[in-house]
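A quick write-up on the structure given underneath.
The values are calculated or read from the model by the stated rules, or taken from the named source; none is laboratory data. Quantities reported herein were computed from a predicted structural model and do not represent experimental measurements. Glycine also receives a Cβ, built like all others from the backbone with ideal geometry; neighbour counts cover every protein chain displayed.
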Amino acid sequence: MDKVNLRKVAIIGCGFVGSASAFALMQSGLFSEIVIIDADKNKAQGEALDISHGLPFAKPASIYAGDYDDISDASIIILTAGAGQKPGETRLDLTKKNVGIFKSIIPEISKRNYKGILLIVANPVDVLTYTAVKLSDLPETRVFGSGTVLDSARLKYLIGEHLGVDSRSVHAFIIGEHGDSEFPAWSSVNISGIPLSKACEMRGYFNHEAHMQKIADDVKKSAYEIISKKKATYYGIAMSVKRICEAIVRDEKSILPVSSMQHGKFGIEDVALSMPVIVGKDGIETAVPLVLSDDEIEKLRASAQTLKEVIKDSL
């Protein structure tokens, strides 16, 4: 990337998710400059001040409220702006409201000849990633969404709890839509190289199907449960944003299930959804060949179709 400051990040939208992400990024020490932009400038200034007061306990950084002129040299722009998900509302219910918001934000980014990476976090993240790709004219490798990075973390956490093993030793992906049609790619799940069924038996569990179905359902219901109890989810997604930024800033070549444009794999075309890819300093390097069962391929196609119908109705 040229004309960007690798140590600078911009966050557009400072509601629960944007401000939690700014806080997580401040603690990470990844960036020496964090600019927060919001339609409510006072709110952005308040968040920037509040987070800045923790800097004596972290790494030096400049954290401030700005405007679109401050984004042009950021290495990553994180888009969290949008209406939040209300109790009883699906992520897809948000679509029309948030597509409208993106139609005002993306042109502001485009007109500044932006050379960095656009990370979409607002929901429904797959539809908004597709929208951002189409409106921004940036290369698809540099426009992607947080996708199922958090859902996959939830899956790893629950499998780890079930088996009594460190969740960092669980290798598993949720794929498809970040929403109700998502599902675990069970075919590829392993515990540090040990097939899941063998790991379960090693830990004394034999009723695999029932246990795994419950875990998959719990992952899918996680956001709804948190929203019903505390009105919003933001810490988990903030940690996911930090994780993606780490992979970019450190050029880690990490494999993450971000939401990106699909071009024919498994017969899926012209839609953004989550599949594992290699993420580094220039964004998405390449897709990772994931082995899926016939049933999983059908589920992935159905998930893609769900998203296509929403895109058709809302763009």
For G280, state whether it is surrounded by fewer than 20 Cβ atoms within 10 Å (Cβ to Cβ) and over 17 Å from the mean Cα position of the chain (by Cα).
no
Considering only the stretch 13-71, state which residues are touching a strand residue (DSSP E or B) at 6+ places or on another chain (Cβ under 9 Å), within 25 Å of Y114 (Cα to Cα) and of a type in the set (G, A, S).
G13, G18, S19, S21, A22, S32, A44, A48, A61, S62, A65, G66
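Rundown of residues vs (1) in contact with a helix residue (DSSP H, G or I) (Cβ under 6 Å, 6 or more places away or on another chain); (2) acidic (D, E); (3) not assigned by TED's automatic domain parsing to the domain that holds L273, yes/no style:
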| residue | (1), (2), (3) |
| --- | --- |
| G84 | no, no, yes |
| K97 | no, no, yes |
| H162 | no, no, no |
| F183 | yes, no, no |
| G193 | no, no, no |
When you look at E252, is it acidic (D, E), more than 16 Å from the chain's Cα centre (by Cα) and within 26 Å of L25 (Cβ to Cβ), yes or no?
yes
Selection from the stretch 133-147 of residues surrounded by fewer than 24 Cβ atoms within 10 Å (Cβ to Cβ) and not charged (D, E, K, R) yields V133, L135, S136, L138, P139, T141
In the stretch 127-148, what residues are more than 16 Å from the chain's Cα centre (by Cα) and assigned to a helix (DSSP H, G or I)?
K134, L135, S136
Would you point out the residue of the stretch 216-248, among those that are of a type in the set (A, V, I, L, M, F, W, C) and surrounded by fewer than 19 Cβ atoms within 10 Å (Cβ to Cβ), that is farthest from F23 (Cα to Cα)?
A216
Tell me which residues, restricted to the stretch 256-313, are of a type in the set (D, E) and under 23 Å from R142 (Cα atoms).
E269, D270, D282, E285
Would it be correct to say that S240 is of a type in the set (G, A, S), modelled with pLDDT of 95 or more and assigned to a strand (DSSP E or B)?
no
How many residues are buried (at least 21 other Cβ atoms within 10 Å of the Cβ) and in a loop (DSSP other than H, G, I, E, B) when one looks only at the stretch 171-204?
7
Residue list for the stretch 159-168, filter: surrounded by fewer than 20 Cβ atoms within 10 Å (Cβ to Cβ), assigned to a helix (DSSP H, G or I) and of a type outside the set (S, T, N, Q):
G160, E161, H162, R168
Can you confirm whether E140 is among the acidic types (D, E) and in the same structural domain as A74 (by TED's automatic domain parsing)?
yes
For the stretch 97-126, the count of residues that are over 12 Å from the mean Cα position of the chain (by Cα), part of a helix (DSSP H, G or I) and touching a residue at least 60 places away in the same chain (Cβ under 8 Å) equals 2
